[in-house]
Amino acid sequence: MCVAATLPRTAATWCHGRKVAVQTLQPTSYRPLLARASQAPTYAHIEALPPHVVGEILGGALVVSPRPAPRHANAASVLGMLVGNPFRLGIGGPGGWHILYEPELSLGVDPRFDPVVPDLAGWRLETMPRLPETAQFKVIPDWVCEVMSPGTQRRDRVLKLPFYGRAGVHHVWLVDPHAQTLEVYRLAGGLWQLAGAFGGDDLVRAEPFDGVELPLAALWPRPETDPEAAPEAAETTPQPTER
């Protein structure tokens, strides 16, 4: 997730350490809302955003995110498969869950955090037997995962993690594809407890999916396939200098 500071015709977006311009905000529908920027954002601001971005209200501020960078997208996609196959589809695991990408959570807990969009979320079937008919999920998930980038770590830890605790989410995973780490948090007595910390190529049994071993290395792209990896400096052969 990445922050965008909205302007009359564009959104100047800071994403993964770089500035990106998000274009084509509809002037006729969006600019009147921006004129009232001193007011607290509402769901009408979310609905007015263009379809290629994700909007959230975090701490009473409108946060707009473009599509994720490759490492972020890779980690979220692979983790969704690793968890979804055994726990959603029942392939090599018990099933019994809904596992969804970027659900829009409108939990009614705090209007300053409504909606909130995690990278992944899961509900046991007994918690949410059926999917909702609308885009908004009003049932508190049992598990949430945020895939962090250098530019979103503060938001994910300082804003979203406490909110998930207040909402009563039982488990939160924080994945950092740059540091290649996974932190697993368990809610106990209204406070987060670190249930496990893993990294690199660990084989992980992490709550609430500890019934299946997950290969953490699958979340990180190999160096030769990582589009965000800095190219190594080419080796040069010293040349004799002319006298």
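The values are calculated or read from the model by the stated rules, or taken from the named source; none is laboratory data. All values reported here derive from a predicted model rather than from experimental measurement. Every residue, glycine as well, gets a Cβ built from its backbone with ideal geometry; the counts of neighbours run over all protein chains shown.
Residue-level analysis places Val158 among those that are among the β-branched types (Val, Ile, Thr), exposed (fewer than 14 other Cβ atoms within 10 Å of the Cβ), outside the structural domain of Ala48 (by TED's automatic domain parsing) and at pLDDT 95 or above. For segment 180-203, a residue qualifies if it is over 19 Å from Pro118 (Cβ atoms), hydrophobic (A, V, I, L, M, F, W, C) and touching a strand residue (DSSP E or B) at 6+ places or on another chain (Cβ under 7 Å), and the qualifying residues are Ala197, Phe198, Leu203. Taking (1) among the β-branched types (Val, Ile, Thr); (2) under 16 Å from Gly59 (Cβ atoms); (3) surrounded by fewer than 20 Cβ atoms within 10 Å (Cβ to Cβ) in turn, Thr152 satisfies each apart from (3). Assess whether Gly95 counts as being free of Cβ contacts under 8 Å to residues at least 24 places away in the same chain, surrounded by fewer than 20 Cβ atoms within 10 Å (Cβ to Cβ), assigned by TED's automatic domain parsing to the domain that holds Val172 and not in a loop (DSSP other than H, G, I, E, B). No. Selection of segment 52-62 for residues being buried (at least 21 other Cβ atoms within 10 Å of the Cβ) and out of contact with any Ser or Thr (no Cβ under 9 Å at 6 or more places or on another chain) yields only Leu58.
Collect the residues in segment 47-71 that are among the small types (Gly, Ala, Ser) and assigned to a strand (DSSP E or B), keeping them in residue-number order. Give the steps one after another, and end with the answer.
Filtering segment 47-71 for residues among the small types (Gly, Ala, Ser) gives 48, 55, 59-61, 65, 69.
Across segment 47-71, the qualifying residues are Gly55, Ala61, Ser65.
The set of residues from segment 147-193 being of a type in the set (S, T, N, Q), in a strand (DSSP E or B) and within 16 Å of Leu79 (Cα to Cα) comprises just one member, Thr181. The condition (being in the same structural domain as Leu219 (by TED's automatic domain parsing) and either surrounded by 15 or more Cβ atoms within 10 Å (Cβ to Cβ) or in contact with a His (Cβ under 6 Å, 6 or more places away or on another chain) (or both)) is satisfied by just one residue among Leu89, Leu131, Leu125, Leu100: Leu100.
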